[in-house]
Amino acid sequence: MFNITLFKITSSLLLSLSAALLLTSSLTISAHAAEQLQPSQQADIPAQNIRLISAGAGITELVLSLKGENNLIAVDASSQLPKSLSHIKQVGYHRMLSAEGLLSLQPDVVLGSDVMGPANTLTLLRSAGVKVISLPTATNKNELFDNIDAISTLLTKTSHAKELKNHLSAQLDTITQNRNQISKARPIKVLFMLLQPGRPAKVGGMNTAADIIIQLTGAQNSATFSGYKTVSQEGILSMQPDIILISSRNESTEKQDINSLPLLANMPLVANLAAYQNKHVFMIPPKALIGGLGLSAIDEAEILSNKFISLINQELLENSQEPEK
């Protein structure tokens, strides 16, 4: 009787243990399957297979300069692409991205600047397993080169990064030489105005993309305030700039002649400035003003510094030809 009872207890325990093992095994398998269904942020994806969305004009410039166009599946509205890449999709403005729109493209990486957002979109992307990389907006050479290294590491474009940095170093050396020559001559005061259709122009002060370009050339910003502000015509006259720089948010104005722009229509007193009368008015392409110190900003700084040197040399020549009193 005792043996029979012991057998029943033992059998019952074994059955319970087996059931528990089966349940544990089932749960483990289910958890593993669920984990496999979720994309891993740590997944080791070969660089050539990375599906990349670039958000920000300056970031996209760097990706293209590093020959990363084959990775691009989409860019934001501020980015400019050559006609050969017109097939690449556009996903809206880099500050107002939609998680649903981005996820529908099945990206592996979303790459942008530190102003990319909004924050809840980036959180949703990360929770869906998309790697989100926000690079700091560069304001100097070291920061720009750090961003180049970060992108080249992501896409394994180190040889292209070396070439790009060498090219930029040569450009910056030229700009530095021009800046030294300009500083030895006389201070050049520069006024930057951003034209806005149907609204007064805004003047670019300190800590703006326009100011970065002005400072690179060695000139002085006529506006001593910070950021972009609307300034009265009388206020602009009081600044007495030697050079006027103009830009517009409208890309179509980039190739227009300065005289065809509606500057005087909205601000007729500007015609009284010596800079305007001497035709020292230059256009800056909008892409040079997006994303801090970028490739377009350096290109523009080099062009402008060469123009400033030419103006200084012209002044020196005219002064030498004036008859002595």
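A few notes on this one:
- Matching residues in the range 197-236 - criterion: being closer than 18 Å to residue 137 by Cα and either of a type in the set (Val, Ile, Thr) or part of a helix (DSSP H, G or I) (or both): 208, 209, 210, 211, 212, 213, 214, 215, 216
- Scanning the range 112-155 for residues that are open to solvent by 10 Å² or more (accessible area, probe 1.4 Å), β-branched (Val, Ile, Thr) and out of contact with any helix residue (DSSP H, G or I) (no Cβ under 6 Å at 6 or more places or on another chain) turns up 115, 123, 133, 137, 139, 153.
- Complete set of residues in the range 220-236 that are hydrophobic (A, V, I, L, M, F, W, C), open to solvent by less than 40 Å² (accessible area, probe 1.4 Å) and modelled with pLDDT of 95 or more: 223
- Selection status of residue 74, under 16 Å from the mean Cα position of the chain (by Cα) and either acidic (Asp, Glu) or part of a loop (DSSP other than H, G, I, E, B) (or both): no
- In the set (1) in contact with a helix residue (DSSP H, G or I) (Cβ under 8 Å, 6 or more places away or on another chain); (2) of a type in the set (Lys, Arg); (3) surrounded by fewer than 20 Cβ atoms within 10 Å (Cβ to Cβ), the condition left unmet by residue 184 is number (1).
- Flag if residue 97 is in contact (Cβ under 8 Å) with a residue 40 or more places away in the chain, surrounded by 13 or more Cβ atoms within 10 Å (Cβ to Cβ) and over 21 Å from residue 123 (Cα atoms): no
- On the stretch given as the range 189-216, residues that are over 10 Å from residue 245 (Cβ atoms) and either out of contact with any Pro (no Cβ under 9 Å at 6 or more places or on another chain) or open to solvent by 40 Å² or more (accessible area, probe 1.4 Å) (or both) total 18.
- Taken over the range 106-129, the criterion of being part of a loop (DSSP other than H, G, I, E, B), closer than 18 Å to residue 60 by Cβ and out of contact with any Ser or Thr (no Cβ under 6 Å at 6 or more places or on another chain) is satisfied by 107, 108, 115, 117.
- Residue 247 meets all of the listed conditions (1) closer than 18 Å to residue 297 by Cβ; (2) polar (S, T, N, Q); (3) surrounded by fewer than 21 Cβ atoms within 10 Å (Cβ to Cβ) but one, namely (3).
- Looking only at the range 91-105, and only at residues there that are part of a helix (DSSP H, G or I) and hydrophobic (A, V, I, L, M, F, W, C), the one that is farthest from residue 290 (Cα to Cα): 103
- With respect to the conditions (1) in a helix (DSSP H, G or I); (2) within 19 Å of residue 307 (Cα to Cα), residue 144 lacks only one, and its number is (2).
- Applying the condition of being open to solvent by less than 40 Å² (accessible area, probe 1.4 Å) and hydrophobic (A, V, I, L, M, F, W, C) to the range 101-111 and asking which residue is farthest from residue 214 (Cα to Cα) yields 105.
The values are calculated or read from the model by the stated rules, or taken from the named source; none is laboratory data. Remember, predicted model here, so these are calculated numbers, not experimental data. Cβ atoms come from the backbone with ideal geometry, glycine included; neighbour counts cover every protein chain shown. The protein model used for the area step is the full one, side chains on, heavy atoms only, and it has no ligands, DNA or RNA in it. Shrake-Rupley method; radii C 1.70, N 1.55, O 1.52, S 1.80 Å.
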